[in-house]
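S.K.: So that we are looking at the same thing, I have put the structure below in structure tokens.
The values are calculated or read from the model by the stated rules, or taken from the named source; none is laboratory data. Computed from a prediction, not measured in an experiment: that's the story for all the values here. For neighbour counting, all protein chains shown are included, and Cβ atoms are generated from backbone atoms with ideal geometry for every residue, glycine included.
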Amino acid sequence: MNYNIEYYNLHSEEFIQSHININMREEANTFLSFMHNKGKILDVGCGSGRDSLYFKNLGCEVTAIEPSLKLCEFARSYSKVEVLNISVEQLSFVDYFDGIWANASLLHITKDKLSLVFDILYNAL
């Protein structure tokens with residue numbers, strides 16, 4: 001098992017408590033300003049689902065991915081958006097999303113996989 005996934009599964013409650021109320025509205029609104037409409041957003045490594053919920057409440061169609069099962073289950077319940085329990089390497093969408101939100105998630109990608117991950121994300125747009 002991936003060490004990061006194992007860590008977040010073991011510490012999911014602490015993570016949720018420490019991150020659920022962080023205000024990311026300014027950053028999220030800046031991100032949205034680059035989109036021509038409130039279209040389809042992919043939230044990569046959605047954690048608690050906090051940002052997915054924010055985008056959903058603004059009228060965006062949100063799909064989120066979260067490799068930690070514990071965080072995925074919480075995010076589904078909290079945000080009421082589709083949250084897939086997959087890693088970004090398992091993403092198979094092509095030409096689907098209008099924007100990709102990856103807040104504090106890409107730092108978990110190892111250097112040897114960065115090129116692959118960027119290709120996958122680019123293809124999802």
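S.K.: Could you please find all residues in the range 16-43 being touching a strand residue (DSSP E or B) at 6+ places or on another chain (Cβ under 6 Å) and β-branched (Val, Ile, Thr)?
M.R.: Hit for the range 16-43 is ILE41, nothing else.
S.K.: Residue check: is ALA64 closer than 18 Å to ILE22 by Cβ, free of Cβ contacts under 8 Å to residues at least 60 places away in the same chain, surrounded by 15 or more Cβ atoms within 10 Å (Cβ to Cβ) and in contact with a Cys (Cβ under 9 Å, 6 or more places away or on another chain)? Walk me through how you get there before you give the answer.
M.R.: Details: closer than 18 Å to ILE22 by Cβ: yes; free of Cβ contacts under 8 Å to residues at least 60 places away in the same chain: yes; surrounded by 15 or more Cβ atoms within 10 Å (Cβ to Cβ): yes; in contact with a Cys (Cβ under 9 Å, 6 or more places away or on another chain): yes.
For ALA64, the condition - closer than 18 Å to ILE22 by Cβ, free of Cβ contacts under 8 Å to residues at least 60 places away in the same chain, surrounded by 15 or more Cβ atoms within 10 Å (Cβ to Cβ) and in contact with a Cys (Cβ under 9 Å, 6 or more places away or on another chain) - is met.
S.K.: Here's something else I'd like to know. Where residues in the range 29-61 are surrounded by fewer than 20 Cβ atoms within 10 Å (Cβ to Cβ), out of contact with any Asp or Glu (no Cβ under 6 Å at 6 or more places or on another chain) and of a type in the set (Gly, Ala, Ser), which of them is farthest from LYS80 (Cα to Cα)?
M.R.: Result: SER33.
S.K.: Out of LEU32, LEU53, report the one residue that is among the hydrophobic types (A, V, I, L, M, F, W, C), part of a helix (DSSP H, G or I) and farther than 23 Å from HIS108 by Cα.
M.R.: Matching residue, one of LEU32, LEU53: LEU32.
S.K.: Then there is this: Could you give me the residue pairs with C-beta distances under 7 Å whose first residue belongs to the range 70-93 and is in a helix (DSSP H, G or I), whose second residue is surrounded by 18 or more Cβ atoms within 10 Å (Cβ to Cβ) and among the charged types (D, E, K, R) wherever it lies, and which are 6+ apart or on separate chains?
M.R.: Within 7 Å, the pairs are CYS72/GLU66; ALA75/GLU66; SER79/LYS56.
S.K.: Residue check: is ILE100 surrounded by 12 or more Cβ atoms within 10 Å (Cβ to Cβ), closer than 19 Å to LEU125 by Cβ, in contact with a strand residue (DSSP E or B) (Cβ under 6 Å, 6 or more places away or on another chain) and free of Cβ contacts under 8 Å to residues at least 40 places away in the same chain?
M.R.: Values: surrounded by 12 or more Cβ atoms within 10 Å (Cβ to Cβ): yes; closer than 19 Å to LEU125 by Cβ: yes; in contact with a strand residue (DSSP E or B) (Cβ under 6 Å, 6 or more places away or on another chain): yes; free of Cβ contacts under 8 Å to residues at least 40 places away in the same chain: no.
Considered against the rule, which asks whether it is surrounded by 12 or more Cβ atoms within 10 Å (Cβ to Cβ), closer than 19 Å to LEU125 by Cβ, in contact with a strand residue (DSSP E or B) (Cβ under 6 Å, 6 or more places away or on another chain) and free of Cβ contacts under 8 Å to residues at least 40 places away in the same chain, ILE100 comes out as no.
S.K.: Please go through (1) touching a Pro at 6+ places or on another chain (Cβ under 8 Å); (2) farther than 22 Å from LEU125 by Cβ; (3) not charged (D, E, K, R) for SER87 and return the number of the only condition it doesn't satisfy.
M.R.: Just one mismatch for SER87, condition (2).
S.K.: Among the residues of the range 6-19, are any in contact with a helix residue (DSSP H, G or I) (Cβ under 9 Å, 6 or more places away or on another chain), among the polar types (S, T, N, Q), at pLDDT below 95 and surrounded by 14 or more Cβ atoms within 10 Å (Cβ to Cβ)?
M.R.: There is at least one residue in the range 6-19 that is in contact with a helix residue (DSSP H, G or I) (Cβ under 9 Å, 6 or more places away or on another chain), among the polar types (S, T, N, Q), at pLDDT below 95 and surrounded by 14 or more Cβ atoms within 10 Å (Cβ to Cβ).
S.K.: Would you check which residues across the range 38-91 are over 11 Å from the mean Cα position of the chain (by Cα) and among the polar types (S, T, N, Q) and list them?
M.R.: Result: ASN57, SER68, SER77, SER79, GLN90.
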